[in-house]
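Heads up: the structure comes next, in structure tokens.
The values are calculated or read from the model by the stated rules, or taken from the named source; none is laboratory data. Quantities reported herein were computed from a predicted structural model and do not represent experimental measurements. No Cβ is skipped: glycine too gets one built from the backbone with ideal geometry, and neighbour counts run over all protein chains shown. Heads up: the accessible areas ignore ligands, DNA and RNA and are worked out on the full protein's heavy atoms, side chains in. Shrake-Rupley method; radii C 1.70, N 1.55, O 1.52, S 1.80 Å.
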Amino acid sequence: GADLQQNRQICDKVNAGGKEAAKDAVRTVRKRLKNKNPKVQLLSLSVLEALVVNCGPDLLTQVATRETMNDLQSVVLQPSVDSGVHRKTLQLIQAWGEAFKDGRDDFPMFHEAYASLKAQGIRFPEYDPTLAPSSRFQGGGTGRQAAPPPPSYGGQPPGVQVQAVPPPPQQQQAPPLPAAFDTDRLFADLEQVRMQTGLLTDMLGEVNSKSEDVGENDLIRQLIRNCKIFQPRVMKLVEQVAIEDLIPTLLSVNDDLIRVFERYDEKL
């Protein structure tokens, strides 16, 4: 689906950008995870899941910190947390704890967080091994051997309403809009646009213009490319869609996109 394609694209940028890209990505996801909106939290967890599954040791080192794992445990222990967010967070902590229980010297916080919650009587859902990067680690014990680099997820995915994955720079063009609209899917796609806009806003807010060139940050550049494809499509939807309830949402998303473009230009 569209979310999967976007997450994979972010993973490609993190893999290409090394330690700094991994650090930026995890810091941004942690910030979005503290948002009170369950949809934003779930999208953040989805990005984090994709990063751990598809990225290498540089990313895992950033996730397997006391600060990051404490953030996730805090989500689980919040009395008012959304049930979907609660379950997804438990699934990730469990998957990572199980995957690295024989490699505790490498990433001890994965198992420590898992064991801590179990000791507190937290009940975990059924274990899902597909959420863990087990295929990247070969052999037993504490020795860690990284598997070959992850595959590139380039290419053109099928166009879906607002959610578009950018083609190569020289071919960037928004696919045509569909004749009919699936309202539920469209709202979900718009929420994904808001997520990427929010990620970009957070990352730009943390840039020190005196020491960092945003034009050299691959993850920021990728998010900008995504947003520049979203924006004209959102405006075309405003002109074409006949559902009045959608118009304010579309205009709000467009305003968010314009603001983030202006902020990006200020940082250049």
| task | Check cross-link reach from LYS267 to the lysines: straight Cα distance under 16 Å, and skip same-chain residues fewer than eight apart. | result | LYS210
| query | Quick one: Karplus J couplings for the range 66-78, per residue in order, coefficients 6.51, -1.76, 1.60, θ = phi - 60°, nearest Hz, x for Gly and Pro? | reply | 4, 5, 5, 5, 5, 4, 5, 5, 4, 4, 4, 8, 6
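Of the listed peptides 60-68, 216-224, 251-259, what is their order by residue-averaged count of other C-beta atoms within 10 Å, with the highest listed first? Numbers along the way, then the final one.
On the way: 60-68: 17.9, 216-224: 19.4, 251-259: 16.0.
Descending packing order for the listed peptides: 216-224, 60-68, 251-259.
Show me the ranking of peptides 233-239, 74-80, 261-267 by mean Cβ neighbours inside 10 Å, starting with the highest.
233-239, 261-267, 74-80
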| note | Given pairs LYS36/LYS101; LYS19/LYS236; LYS13/LYS34; LYS36/LYS118; LYS88/LYS236; LYS23/LYS228 and cut-off 28 Å on Cα-Cα distance, the over-length ones are LYS36/LYS101; LYS19/LYS236; LYS88/LYS236
| Distance in nm between label sites at PHE261 and ALA119, each 7 Å beyond Cα in the beta-carbon direction? | 5.3 nm
| query | Accessible area per residue of the range 1-108 at 1.4 Å probe, in Å²? | reply | 42 Å²
| query | What's the extension gain from ASN70 to LYS19 if we count 0.36 nm per residue and subtract their Cα-Cα distance? | reply | 16.3 nm
